Each structure stands twice: as structure tokens, then as C-alpha cells.
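Remarks on the structure that follows.
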Amino acid sequence: MKKAKEWQLRLYIAGQTPKSIMALDNIKKYAEEYLKGIYSIEIIDLMLNPQLAEGDQILAVPTLVRKFPEPIRKIIGDLSNEEKVLVGLNIKPLIQ
Amino acid sequence: MAKVKSISKTTDLSFPKTPTGVNGLDEITNGGFPQGRPTLICGGAGCGKTLLSMQFLIKGILDYNEPGVFMSFEETAKDLSLNVKSLGFDIEKLKQQKKLVIDHVRVERSEIDEAGEYDLEGLFIRLGHAIDTVKAKRVVLDTLESLFAGLDNQSILRAELRRLFRWLKEKGVTAIITGERGEGMLTRQGLEEYVSDCVIVLDHRVSDQVSTRRIRIVKYRGSTHGTNEYPFLIDEDGISVLPITSLKLDNKVSSDIVPTGIPGLNEMFYAGGFYRGSNILISGTAGTAKTTIAAFFANAQCMRKEKVIYFAFEESPDQLIRNMKSVGLNLEQHIKKGLLLIHSSRPSLNGLELHLLTLRKLIKEFNPATVVIDPVSNLISVGSPQEVRSMLVRLIDMLKLNNITAMFTSLSQQNEHIRPDLSEDSVSSLIDTWITVRDLEGMGERNRGVYIIKSRGMNHSNKVREFVITPKGIELLDVEYGPNGILTGAARRTNQLNKKVSELKLQEELGRKDREITRKRNVLEANIKALRNEFESVQEELSILRASEERQAKLFTDVKKKKR
């Protein structure tokens with residue numbers, strides 16, 4: 001793995017709902033497993049900062065946004081489907 | 001009393017509505033969209049859904065001071081503001097005044113993956129935030145169905161939409177949701193299931209190469225509404241819906257008289273002209289000076305400082321002005337003074353209903369006392385006689401309501417009958433005063449005659465009057481009777497000449513007779529004198545004879561005495 005690349009992830013949630021908590025747990029788990037040391041996760045609660053929803057075109061909650069590396073990818077849902085998340089984030093080819 | 005009160009109270013409370021800000025739409029919805037509830041507007045591509053909803057928001061801000069939120073799933077805020085700028089709405093300004101929020105929601109399928117359960121709380125939060133920032137009363141979601149293309153999980157989507165509409169109702173905002181028309185359904189995704197309060201369908205139809213947009217209220221829970229399809233127009237002022245015929249005949253009438261503009265014609269009406277607010281039809285075959293008569297009428301109204309709109313479906317304003325100069329009419333001066341407006345358009349420019357809308361609009365803007373439409377028969381080329389009739393009914397209704405005097409000209413087909421043909425029959429019952437101009441043919445020439453077929457509420461002349469058009473204007477000639485009726489043209493002039501000749505002859509004859517009598521008297525007197533002379537001479541002779549007899553007798557006795 002190339003060192004210089006840092007993965008910037010952003011998780012949009014709306015309050016501490018079960019789905020949000022689950023999504024957060026899931027992404028932390030995957031990141032620790034596949035991106036250890038080269039990732040950062042920013043959590044944005046739209047209940048507190050509703051104006052931020054427009055910037056990343058958020059519709060559904062929870063939404064995980066991969067800000068970097070480009071291009072921007074979005075995954076919506078509680079991230080319970082590991083396979084889909086890894087494909088969606090484009091992590092899968094990295095580990096093969 | 002108490003009962004009456006409670007009834008009126010319930011009607012007051014019946015249904016709170018939000019004015020739409022769209023011309024005419026409030027009339028057919030009886031006041032507007034249901035307040036605090038969502039309304040679904042659906043229709044095919046390019047039928048004006050986005051424009052209608054944008055107009056709803058902007059008019060709400062400008063006219064009713066109700067801020068709004070426009071959530072667009074298709075066009076970006078920039079595109080939207082450009083699109084409506086051409087209609088004279090300045091969105092940017094309203095945004096700066098914090099009266100309007102435009103939020104473009106981009107749903108890009110290629111960017112989104114779905115992994116597990118989710119909800120659309122993000123959308124709710126965005127919408128809620130926008131509503132709260134401007135304290136919006138009106139919300140537009142254009143077009144929600146884009147979500148179906150962007151997201152996979154239909155069951156979540158449908159559940160969330162249901163929640164969205166409930167949530168909008170709780171928020172108390174009046175919302176418009178637009179949807180594409182689907183096959184066999186009002187909308188492609190069956191949005192009408194969720195929005196059950198008010199559903200409006202827009203339609204864009206082409207028949208005979210003329211397109212007409214129409215609007216129909218499919219459903220309006222808890223309220224009466226017009227059920228027909230109403231044509232609507234998109235022009236530089238946005239959308240306006242064609243209002244309905246007033247079904248009642250309760251317009252106020254006026255007994256004022258307006259002059260016809262032609263001195264002789266005034267006299268044919270015993271009241272001296274037309275009633276104000278009545279409608280007048282001038283029918284006739286080609287070249288019988290219908291337009292000229294109409295122009296003189298318009299001129300007369302302008303002379304009285306009353307505003308006139310002249311709708312010309314055959315001639316351009318310049319052509320009309322030039323032509324009327326040849327009969328001594330200067331229409332240009334009235335245009336300069338702002339009393340006359342000549343509006344020319346081809347009948348085939350757009351559908352009948354749009355013509356009607358244009359007429360309506362101009363009439364509203366210009367506020368004339370008189371309207372001339374020259375000719376109505378041309379409109380038949382755009383629609384069937386029945387459609388023309390229905391349009392005229394609406395037009396006449398509107399004119400009567402505003403107490404506008406209207407003159408229509410109508411070209412009738414050349415035929416043998418003195419009564420006009422069918423196309424006019426269809427409008428005749430709507431017309432108050434009907435004047436016909438026609439060709440009077442005879443002795444190898446053509447003359448023009450005018451007569452009144454009917455004039456409601458006014459006694460009128462029954463004569464066919466010949467008229468001539470001179471560079472000074474229209475002149476109605478005195479009636480000239482011949483052995484076979486009224487004489488016109490050369491026959492009239494011949495008749496006049498003959499009359500003059502025989503008059504002269506009579507004069508001469510009389511003179512001659514006079515002289516003869518004088519002569520006879522002279523002869524008589526001479527005769528009397530001669531006879532008297534004769535008589536006197538006989539008398540004298542007799543007395544001489546008698547004297548000589550006496551002298552003889554005396555002599556005889558003297559002789560006898562001497563003898564003795």
C-alpha cells in the first residue's frame with residue numbers, strides 16, 4: 001500500500017438513531033480492518049448542522065461519503081452489507 | 001336566526017385556500033390550492049409544470065407575502081433562475097431578500113451505492129432547514145419522481161414519500177408536487193396515491209397543427225371546482241388560464257347610446273345609435289365595406305375620447321391606416337393620443353382559445369370602452385363553427401360583463417338568399433344588433449346597400465338604404481322608389497333625371513294652356529264687342545225707321561187737313 005494516500009471518509013447521520021450507530025460501528029470496523037492508519041472519519045450530525053446537507057447532496061441518512069481519494073463516492077444505508085461497502089468504496093481491488 | 005348564522009359560519013370555515021397567483025386558476029379552483037396540503041400537478045414533458053409551480057411561489061412572495069422553497073430534482077438553481085427571467089421574474093433578488101430558497105437536489109445514480117437500511121431523513125432535514133430559514137408557507141418539489149431513478153430500494157422510497165407528505169401537512173405548508181405523466185396512470189410512479197387532496201393535470205395537445213395547452217382539475221377533495229378542460233397560455237407574463245363562461249345572464253345593461261359614426265345610419269336607428277355594451281354584427285359578402293363601416297365606428301368612439309381596440313385578422317395596422325385615409329379617416333391621430341389600439345394577427349397564429357386569451361389580456365390592459373373584431377368569420381379557419389361559437393359566447397360574455405360595446409364583422413358567402421348563411425346563424429342569437437351590407441346588382445352595375453336585420457330593444461328602419469363611399473366618408477343616400485321597388489345606382493339617377501324632365505314638361509304645358517286661355521278670352525271679348533255693335537246698329541236703324549214713319553204719318557195728316 002502506498003503511504004501518502006490518506007482516506008477521508010465522512011459519515012452523515014441524523015441524530016443517534018439505531019441506523020446511525022450501526023453505520024458508524026460498521027465503517028469503523030471495515031476501516032480498521034482494511035485501511036488501518038491511513039484513514040480519517042468525520043461524523044456530521046444533520047440534526048445539529050442541517051445546512052451542511054446541501055454541500056454533499058445528502059438525501060438519505062445515513063450516508064457515507066468518500067471525499068478522498070477522488071472521485072467522490074457515496075454509500076447510503078447502515079453499511080451492514082460488507083461486500084457492497086467495500087466495492088462501493090473501491091477498497092476491494094486494493095486488498096487483492 | 002341562529003340557524004342562519006351557523007350555516008354561514010360553516011361556509012366561511014369550509015376550506016382554507018391559498019391563492020395560486022395564476023390568472024384564472026383561482027376562478028376554476030374556487031379560490032386556489034388547498035391551504036396547508038400538497039397538490040399534485042402532473043403532465044407530459046413541456047406542458048408547463050415547472051413554470052406553473054414557479055409562478056405559484058413567486059406570486060406568493062410578491063402578491064401575498066408568503067415566502068417559498070423550491071426544491072428542484074431536475075434543474076439547477078442557475079438554470080431555473082435563467083428560465084424564469086425571460087418571464088420577468090427576478091429570482092436572485094428574492095433570494096437575497098430571504099423570501100425564496102432554491103435547493104437543487106442532485107441524485108446521481110453512478111455516485112450512490114446502497115448498502116443496508118436507510119431513510120430519507122437527509123431530504124427532510126434539508127427541506128425543513130430551507131423552510132425554517134425563510135419561514136416558508138409555500139413549497140414546490142419538482143419532480144419527486146427523479147428519486148425513483150436514483151434509488152434502488154422502492155419500498156423504502158414509497159414509505160418515505162408517504163412520510164414526506166404527512167410531514168409537509170404537519171408543517172402546514174401549501175405544497176406543489178410535480179410528476180411526469182405515466183401510461184394509464186396520472187403519474188409514472190403513481191404519486192397520486194399519496195397526494196390525494198388535489199390533483200391537476202396539464203396537457204399539451206396539437207390538433208390541426210395548432211397546439212393548445214389545457215389544464216384540468218381531476219380531483220379536489222373537500223371543494224367544488226370546475227371540471228372542464230380549460231385552455232391556458234404561456235406568454236411573457238407567465239401562465240394564464242382561460243376563465244369560464246359565466247353561466248348566468250345577469251349583466252347590467254346601459255341605456256346610453258353610442259353613435260355609429262355614419263350620420264345616415266344613426267337615423268336608421270330610432271334611438272340614434274347602438275346601446276352601450278351591446279354587440280353589433282356587420283355581415284356581408286366580400287367588398288361590401290364592412291371594414292370601412294367598422295373603422296368609422298371606431299373613429300366615432302375615439303372622437304368622443306373613448307378607448308377602442310381594433311383587432312384586425314386580415315390587415316396590418318399600417319395597411320388599415322393607409323386604406324382608411326382614402327375614405328377620409330385619420331386613425332393615426334387616435335393611436336398617437338393613445339385612444340386607439342390596432343392589434344393585428346393571423347388567425348392561424350394560434351388556437352382559438354389563445355386568441356380569446358390574447359383578446360382578454362389586451363382588453364384587461366387597455367381597458368377600452370369599445371372593441372372591434374374584424375372579422376370573426378376568419379376564425380372559422382382555425383376551429384369548427386361550433387368552437388367559434390363557444391369562443392364567441394365567452395368573449396361576448398366577458399365584454400358584456402365589462403359593459404364594452406363590441407362590433408364584429410363577418411364575411412358571408414355570396415348566395416341568392418337575402419338571409420345570411422349558416423356560419424352567421426350560429427352566432428346570430430348572441431348578437432344584439434345585426435346590420436347587413438350587401439351588393440345590389442342591376443342594370444350592369446353593382447351598388448352597396450345596408451339594412452338592419454335586427455336591433456334588440458330599439459325601433460329601426462326597415463329600408464334597404466344605398467350608400468356610397470366617397471373620399472369624405474360613407475354617405476347614405478335618400479330612398480328612391482321606382483315601379484319595382486327601391487332604385488339604386490344608375491337606375492336611381494335615371495329615375496331622378498326622368499322626374500326632372502317630366503316636371504319641366506308639365507311646366508311648359510301649363511304655360512301654353514295659360515296663354516291659350518288668354519287668347520280665347522280676347523277672342524270672346526272681341527266677339528262680344530262686335531255683337532254689341534251689331535245690336536246697337538240694329539237698334540239705331542229701328543229707331544231711325546220709327547222716326548221716319550212718324551214723320552211720314554205727320555206729313556200725311558197735314559196734307560189731309562189742307563185738302564179739306
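The values are calculated or read from the model by the stated rules, or taken from the named source; none is laboratory data. Note that the structure is predicted; figures quoted are calculated from it, not measured. Glycine gets a Cβ as well: all are built from the backbone with ideal geometry, and neighbour counts include every protein chain shown.
Could we say that B:Gln319 is within 26 Å of B:Met391 (Cβ to Cβ) and assigned by TED's automatic domain parsing to the domain that holds B:Gly449 here? It would help to see each step written out before you state the result.
Numbers: within 26 Å of B:Met391 (Cβ to Cβ): yes; assigned by TED's automatic domain parsing to the domain that holds B:Gly449: yes.
Yes.
Residues are listed down the side, and each one gets a yes or a no for (1) at pLDDT 85 or above; (2) of a type outside the set (S, T, N, Q):
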residue: B:Phe296; (1), (2): yes, yes
residue: B:Asn299; (1), (2): yes, no
residue: B:Val308; (1), (2): yes, yes
residue: B:Gln333; (1), (2): yes, no
residue: B:His343; (1), (2): yes, yes
residue: B:His355; (1), (2): no, yes
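Spot the failing condition for B:Phe311; the list is (1) within 14 Å of the chain's Cα centre (by Cα); (2) part of a loop (DSSP other than H, G, I, E, B), and only one is missed.
(2)
Conditions: (1) crowded, with 16+ Cβ neighbours inside 10 Å; (2) more than 14 Å from every other protein chain (Cβ to nearest Cβ); (3) under 30 Å from B:Asp237 (Cα atoms). B:Phe165 meets all but one. Number of the miss?
Condition not satisfied by B:Phe165: (3).
Every residue, every condition in (1) in the same structural domain as B:Lys305 (by TED's automatic domain parsing); (2) acidic (Asp, Glu); (3) touching an Asp or Glu at 6+ places or on another chain (Cβ under 9 Å); (4) in contact (Cβ under 8 Å) with a residue 12 or more places away in the chain, yes or no:
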position	(1), (2), (3), (4)
B:Leu359	yes, no, no, yes
B:Glu365	yes, yes, no, no
B:Pro368	yes, no, yes, yes
B:Val376	yes, no, no, yes
B:Gln386	yes, no, no, yes
B:Asp397	yes, yes, no, yes
B:Asn402	yes, no, no, yes
B:Thr409	yes, no, yes, yes
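Please determine, by comparing only the residues of segment B:189-213 that are touching a Cys at 6+ places or on another chain (Cβ under 9 Å) and among the charged types (D, E, K, R), which one is farthest from B:Leu354 (Cα to Cα). Before you say what the answer is, go through the steps one by one.
Restricting attention to segment B:189-213, the residues satisfying the condition of being touching a Cys at 6+ places or on another chain (Cβ under 9 Å) are B:191-192, B:199-204, B:213.
With among the charged types (D, E, K, R) added as a condition, the list becomes B:192, B:203, B:213.
Details: B:Glu192: 30, B:Asp203: 15, B:Arg213: 9 Å.
Checking each candidate, the answer is B:Glu192.
Consider B:Glu121 against the criteria (1) under 19 Å from B:Ser72 (Cβ atoms); (2) buried (at least 18 other Cβ atoms within 10 Å of the Cβ); (3) charged (D, E, K, R): it satisfies all of them except one. Which criterion is unmet?
Here B:Glu121 clears every test but (1).
Being under 12 Å from the mean Cα position of the chain (by Cα) and of a type outside the set (Val, Ile, Thr) narrows it down to one of B:Leu339, B:Leu354, B:Leu392, so name that one. Spell out how you get there, then give the answer.
Numbers: B:Leu339 fails: under 12 Å from the mean Cα position of the chain (by Cα); B:Leu354 fails: under 12 Å from the mean Cα position of the chain (by Cα).
Result of the check over B:Leu339, B:Leu354, B:Leu392: B:Leu392.
Only one residue in B:Ala175, B:Ala149 is loosely packed, with under 14 Cβ neighbours inside 10 Å, in contact with a helix residue (DSSP H, G or I) (Cβ under 8 Å, 6 or more places away or on another chain) and of a type in the set (A, V, I, L, M, F, W, C), so which one is that?
Working: B:Ala175 fails: loosely packed, with under 14 Cβ neighbours inside 10 Å.
Among B:Ala175, B:Ala149, only B:Ala149 is loosely packed, with under 14 Cβ neighbours inside 10 Å, in contact with a helix residue (DSSP H, G or I) (Cβ under 8 Å, 6 or more places away or on another chain) and of a type in the set (A, V, I, L, M, F, W, C).
From B:Ser255, B:Ser207, B:Ser246, grab the single residue that is in contact with a strand residue (DSSP E or B) (Cβ under 8 Å, 6 or more places away or on another chain), modelled with pLDDT under 90 and not aromatic (Phe, Trp, Tyr). First the steps, then the outcome.
Numbers: B:Ser207 fails: in contact with a strand residue (DSSP E or B) (Cβ under 8 Å, 6 or more places away or on another chain); B:Ser246 fails: in contact with a strand residue (DSSP E or B) (Cβ under 8 Å, 6 or more places away or on another chain).
Only one candidate passes the filter, namely B:Ser255.
Output the residue which, of all residues in segment B:384-425 that are more than 30 Å from B:Ser255 (Cβ to Cβ) and hydrophobic (A, V, I, L, M, F, W, C), is modelled with the lowest pLDDT.
B:Leu422
With the checklist (1) more than 14 Å from chain A (Cβ to nearest Cβ); (2) under 21 Å from A:Gln57 (Cβ atoms); (3) modelled with pLDDT under 85 in hand, flag the one item B:Ile91 doesn't pass.
Of the numbered conditions (1) more than 14 Å from chain A (Cβ to nearest Cβ); (2) under 21 Å from A:Gln57 (Cβ atoms); (3) modelled with pLDDT under 85, the odd one out for B:Ile91 is (3).
I'm checking my understanding of the structure. Among residues of segment B:187-201 that are crowded, with 21+ Cβ neighbours inside 10 Å and under 18 Å from B:Arg216 (Cα atoms), which one is modelled with the lowest pLDDT? First the steps, then the outcome.
Here is the first cut: in segment B:187-201, the residues crowded, with 21+ Cβ neighbours inside 10 Å are B:187, B:189, B:191, B:195, B:198-201.
Restricting the remaining residues to those that are under 18 Å from B:Arg216 (Cα atoms) gives B:187, B:191, B:195, B:198-201.
On the way: B:Thr187: 81, B:Leu191: 80, B:Val195: 77, B:Cys198: 89, B:Val199: 90, B:Ile200: 91, B:Val201: 90.
It comes out as B:Val195.
Suppose the filter is of a type outside the set (Ser, Thr, Tyr), surrounded by fewer than 21 Cβ atoms within 10 Å (Cβ to Cβ), within 29 Å of A:Lys67 (Cβ to Cβ) and within 12 Å of chain A (Cβ to nearest Cβ); does B:Val107 pass it?
Yes; evaluated as a whole, the condition is true for this residue.
Quick one: count up the residues across segment A:67-77 that are crowded, with 21+ Cβ neighbours inside 10 Å and not hydrophobic (A, V, I, L, M, F, W, C).
Let us first name the residues in segment A:67-77 that are crowded, with 21+ Cβ neighbours inside 10 Å, namely A:74-77.
Cutting the leftovers down to not hydrophobic (A, V, I, L, M, F, W, C) gives us A:74, A:77.
Here the count works out to 2.
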